[in-house]
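A quick write-up on the structure given underneath.
The values are calculated or read from the model by the stated rules, or taken from the named source; none is laboratory data. The model shown is predicted, which means the values in this text are computed figures rather than measured ones. Methodologically, a virtual Cβ is constructed for each residue, glycine included, from the backbone with ideal geometry; neighbour enumeration extends over all protein chains shown.
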Amino acid sequence: MLLANKEGIIVTGPVVNLAAAGAGASVVVFTIPVLVGQLIGLKSVKIRKVILHNNAAGNTTVLIGNGAVGVGIPVLLPALDSLNGLTDSYTAEADFPEVESFANIVAWPAALVGAGTIDIMLEVAVIG
Amino acid sequence: MPDLYIFKAQVGMFDPVALQKHNVCIHYQQNVHYRKVDFLEGIPPFQCIDITAGAGLAAASPTGRVNIVNLEMADSEFGLWRWYPIDDAQVRLYHPSGISKFQLRNLQVPIDMNILFRDPNLVSTEIAVWQNNRPAVEAINGHAFALGAVRLIALGYRFHTVNLESGKESDPELVKAIKAGKEPCTDVWCSGRGIGD
């Protein structure tokens, strides 16, 4: 069951693997819900939580934006630390400002070591 | 006379539209039935349907139109329901299956989970069901991921009525007085109405 509160409807995105570094390698980590058949269609999201898992990618940062895939910018949040081999969790209001986006959320690591990757998962509140 | 009427807004659960021995006028499409309530009971919130019938709903997809058979009432009974979804889909209501509910000129207004904080007592979702003339629903998943289910919760009242127009409980004088506005009666709309109908 999903939750509804005054921030909107809280949903989680999929676990997405970030396997390449740089804004040019940015990938979608949460898709704004839109469907032609949906009767009231304009939705936005507020990011509530970001969870990162570092798969031997070295100490690095992850950036989150809402530009196109492969473009990434503009950046929505300050760079979030991802520590080698560890899981990091960041929460809106406590660790980063609450931001709203009307476009798909994308993410990319600033750098990766060797064949390391980063898994990312978002929890968002859907508004609209 | 108790202060009872449809679409009543208040804190908490909603009132029944009639009590024992109260007159009601059931409207189902163009049909009108004059009845008297002789029994009523509350129906606690319950899951009345998974619109996907256990199959889930694929990303960015609508369902077909599905009858909510669990909201059907027995003969001579009508149900008064408010409802909300607990999965993040937009839900279109039809009552009966061929008539859109919440229909504006250019839009059929859907219900989604936002109803829980935008209309906490669910007054705008209120519908009535006459006997087995159940409503139907469609769900739309706008997400890029599949939903495991699209479940609706309903709560309300069950009313058993007797016929004032024929049979052993008939009372032509009372019906005449109701029609003349001399006796109180609550109108209960148990279906939608087509545009221009």
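Of everything in segment B:126-148 that's within 14 Å of another protein chain (Cβ to nearest Cβ) and part of a strand (DSSP E or B), which residue is surrounded by the most Cβ atoms within 10 Å (Cβ to Cβ)? Among those residues, the one meeting the criterion is B:Ala139. From the list B:Val109, B:Val123, which one is closer than 23 Å to B:Gly196 by Cα and at pLDDT below 95? Within the list B:Val109, B:Val123, the selection yields B:Val109. Out of A:Gly70, A:Gly65, one residue alone is crowded, with 19+ Cβ neighbours inside 10 Å, touching a helix residue (DSSP H, G or I) at 6+ places or on another chain (Cβ under 9 Å) and more than 30 Å from B:Ser100 (Cα to Cα). It is A:Gly65. Against the list (1) away from chain A (no Cβ under 14 Å); (2) in a helix (DSSP H, G or I); (3) not small (Gly, Ala, Ser), the condition B:Trp81 fails is (2). For A:Ala20, the conditions (1) part of a loop (DSSP other than H, G, I, E, B); (2) at pLDDT below 90 all hold with the exception of (2). Just to check your reading of the model, which residue among A:Leu76, A:Leu122 is in contact with a Gly (Cβ under 6 Å, 6 or more places away or on another chain), crowded, with 16+ Cβ neighbours inside 10 Å and without any contact (Cβ under 8 Å) to a residue 60 or more places away in the chain? From the options A:Leu76, A:Leu122, the qualifying one is A:Leu76. Here B:Tyr34 clears all of (1) at the interface with chain A (Cβ under 10 Å from one of its Cβ atoms); (2) within 30 Å of B:Glu173 (Cα to Cα) except the condition numbered (1).
Selection within segment B:103-122: residues that are under 16 Å from A:Gly8 (Cβ atoms) and more than 7 Å from every other protein chain (Cβ to nearest Cβ). The member of this set that is farthest from the chain's Cα centre (by Cα) is B:Arg118.
The C-beta contact set for segment A:86-112 (first residue more than 12 Å from A:Leu52 (Cβ to Cβ), second residue outside any strand (DSSP E or B) and among the acidic types (Asp, Glu), distance under 6 angstrom, 6+ apart or interchain) comprises A:Ala92/A:Glu98.
Within segment B:18-59, the set of residues being among the polar types (S, T, N, Q), assigned to a strand (DSSP E or B) and out of contact with any Cys (no Cβ under 8 Å at 6 or more places or on another chain) comprises B:Asn31, B:Gln47.
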